[in-house]
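Data first, discussion second: the structure below is written as structure tokens.
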Amino acid sequence: MSIRKLVTLGLAGLLLATTAACSSSDDDAKATPSDGASTVEAPDTLRIGYQQIPNGDLVVKHNKWLEDALPDTTIDWVRFDSGGDVNTAVVAGSIDIGLAGSSPVTRGLSAPLNIDYQVAWIHDVIGDAESLVARDGTDITAIADLKGHKIATPFASTSHYSLVAALTDAGLSTDDVTLVDLQPADILAAWTRDDIDAAYVWDPTLSQLGGTVLTTSTEQAAAGHPTYDLGVVTTALAQKYPAVVDAWLAAQDKAVAQIKDDPATATEAIGAELDLAPADVTAQLEGLTFLRGTEQLAPEFFGTKAAPGAFAESLHQAAEFLHGQDAIDDVPDVAALQPGIALDALDRTFGQK
């Protein structure tokens, strides 16, 4: 992280009165600009890992809301193909904020990785936008038909988690099929070459595959296996620049509000980022559930500092799966996972004032 400097917040109303949380021992840091705008300490560069997933993160990126909110900070958007790659980048010190699914985040919070970051945002609750599909011409019409076939999915991802859960519930084990670890772009290529028979993956790749839908993450959530796309922030960023985290949270909340209240504008932004027509984006958004910041403080999700919610239990369930796949050393209990949720920032930004 580069040297700290004062930043004038340029996006009116974005911080929701959070800048009071920041202070500095330097006289300059205490100064108030002559125009009355609030100032906070911020890094020279804020590095954000994103994925090509149709949600509010792409709305924030496309509209340059963080660039407006932090005009003296360079916002460096770095694209990744999966949450596992995001974890690697955080460990390497290459990014400060990232988007990853609940399975790779759980892996990050567990041994041996023990990544020093916190979950601060639910980008989306995954539904039909992440599904298991069989290639046309394979005569696979049900999950049980997958026995003896080759299935691709990004390992340690939410898709991998949902796939193994679906197989187990259908009476199959991973030994009954051939699992192939491929990133979304590689899944599309393998699908086109007829190298795989089925795939569990997310949009926009999912929509490019076609095929027969065998199960969706909506159905897997109903069966007790919910999955999420999450925003994580490094502990170093959260401790050194709390108001920057608050600005990022406020921008994400604004994006969800636009998706819900002005979907035409939101789909245009997402479509520009994904090179998709707005109608295609609309169809993909229907496979995800989006939550405003205040909704994420509900007991079934993050809860509050005074009353933590059930979200850590979802991470615990994912940890049990990962341990079964030998992806983590042990299954951390709910109490051990709870500190991995950024309730301080969530309370500051969305709690009762």
Exercise for the section: Output ³J(HN,Hα) for region 286-303: one whole-Hz value per residue in order, computed from phi by the Karplus curve 6.51 cos²θ - 1.76 cosθ + 1.60 with θ = phi - 60°, and x for Gly and Pro. Expected result: 5, x, 10, 10, 10, 10, 5, x, 5, 5, 6, 7, 5, x, 6, 10, 6, x
Fill in the blank from the handout: Relative contact order of the chain (C-alpha contacts under 8 Å, at least 6 apart) in percent is 23
Exercise for the section: Among the GluC sites (Glu not before Pro) in region 267-300, which ones are in a DSSP loop with at most 13 other Cβ atoms within 10 Å of the Cβ? Mind listing them? Expected result: 286, 300
Problem - Mean Kyte hydropathy of -0.5 or more with a Cα span along the axis of at least 24 Å, helices from DSSP in the chain - result: 242-261
Handout entry: Packing rank of 323-334, 201-212, where each peptide gets the mean count of other beta carbons within 10 Å, highest leading
Key = 201-212, 323-334
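Report the antiparallel proportion of the DSSP beta bridges in region 130-222 as a percent, rounded to a multiple of 5.
Here the share of antiparallel DSSP bridges comes out near 60 percent.
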Handout entry: Against the rule of thumb 2.2 N^0.38 Å, how large the Cα Rg of region 130-222 comes out
Key = 0.93
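From the helices alone, meaning DSSP H stretches of at least four residues, give me the mean residue ellipticity at 222 nm for the chain, per-run term -39500 (n - 2.57), in deg cm²/dmol to the nearest 500.
On the way: 17 runs with 142 residues, N = 353.
It lands at -11000 deg cm²/dmol.
Taking the DSSP beta bridges in the chain as the whole, what percent of them are antiparallel, to the nearest 5? Don't skip to the answer; put the middle values down first.
Values: 28 of 43 bridges.
Rounded to the nearest five, the antiparallel share is 65 percent.
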Exercise for the section: With a 10 Å radius around each residue's Cβ, average the other Cβ atoms per peptide and rank 253-262, 238-247, highest first. Expected result: 238-247, 253-262
Problem - region 130-222: relative contact order in percent, alpha carbon pairs under 8 Å with at least 6 residues between - result: 50
Handout entry: Long-range lysine pairs (8 or more apart or interchain), the chain, Cα under 22 Å
Key = 11
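Quick note: the coordinates plus some simple rules give every number you see, no bench work behind them. Note that this is a predicted model, so its numbers are computed, not measured. In this analysis, Cβ positions are derived from the backbone assuming ideal geometry, glycine residues included, and neighbour counts consider all displayed protein chains.
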